[in-house]
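> Have a look at this one before I ask anything.
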Amino acid sequence: MNLRNCSRCGKMFNYIGGLPICENCKKLAEEDFQKVKQFIEENPVAGLKEISESCEVSTKQIQQWIREERLMFTSDSPIQLQCEKCGAKIQTGRFCANCRSKMANNLNDSFARPKPQLQQPVKKESKAGMRFLDT
Ligand SMILES: [Zn+2]
Ligand SMILES: [Zn+2]
């Protein structure tokens, strides 16, 4: 048992991972999310404050969903998100497509680098290597 206080309602609950909120609040948060999502679909030009007030969900919570890429905004939405790296306009998440692909490349690089080392034959090659040095 890993008891924690729910970060939403403060009740003790058995923490199993993910967000530190209890089952009941999880359910409520999901309902809030659906409400917000639907509201945005019906009111694509609503601002953050309007969404927050109409759905009775904190702007902080809405911004968290945006960062988690659960909410998307159209280009005519007054909610303008900016890439955290270059400041370009984005519709969801934290980074623009450009920065994201750059970051993905960096990830690939660091994945690719250790590979040749693994492929190098272990001790066998030391002889061949020495001969190579002699010539
Ligand atoms: Zn709770
Ligand atoms: Zn960017």
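> Can you find, within segment 1-28, the residue that is least open to solvent (accessible area, probe 1.4 Å) among those that are near ligand 1 (Cβ under 9 Å from one of its atoms) and in a helix (DSSP H, G or I)?
Result: 25.
> Say we look at segment 36-50 and pick out the residues that are open to solvent by less than 90 Å² (accessible area, probe 1.4 Å) and within 22 Å of the chain's Cα centre (by Cα); which of these is nearest to ligand 2 (Cβ to nearest atom)?
So, considering only residues that are open to solvent by less than 90 Å² (accessible area, probe 1.4 Å) and within 22 Å of the chain's Cα centre (by Cα), the one nearest to ligand 2 (Cβ to nearest atom) is 48.
The values are calculated or read from the model by the stated rules, or taken from the named source; none is laboratory data. What you see is a predicted model, and the numbers here were worked out from it, not measured in a lab. Backbone-built Cβ (ideal geometry, glycine too); neighbour counts: all protein chains shown. What goes into the accessible areas is simple: the full protein's heavy atoms, side chains included, and nothing from ligands, DNA or RNA. Shrake-Rupley method; radii C 1.70, N 1.55, O 1.52, S 1.80 Å.
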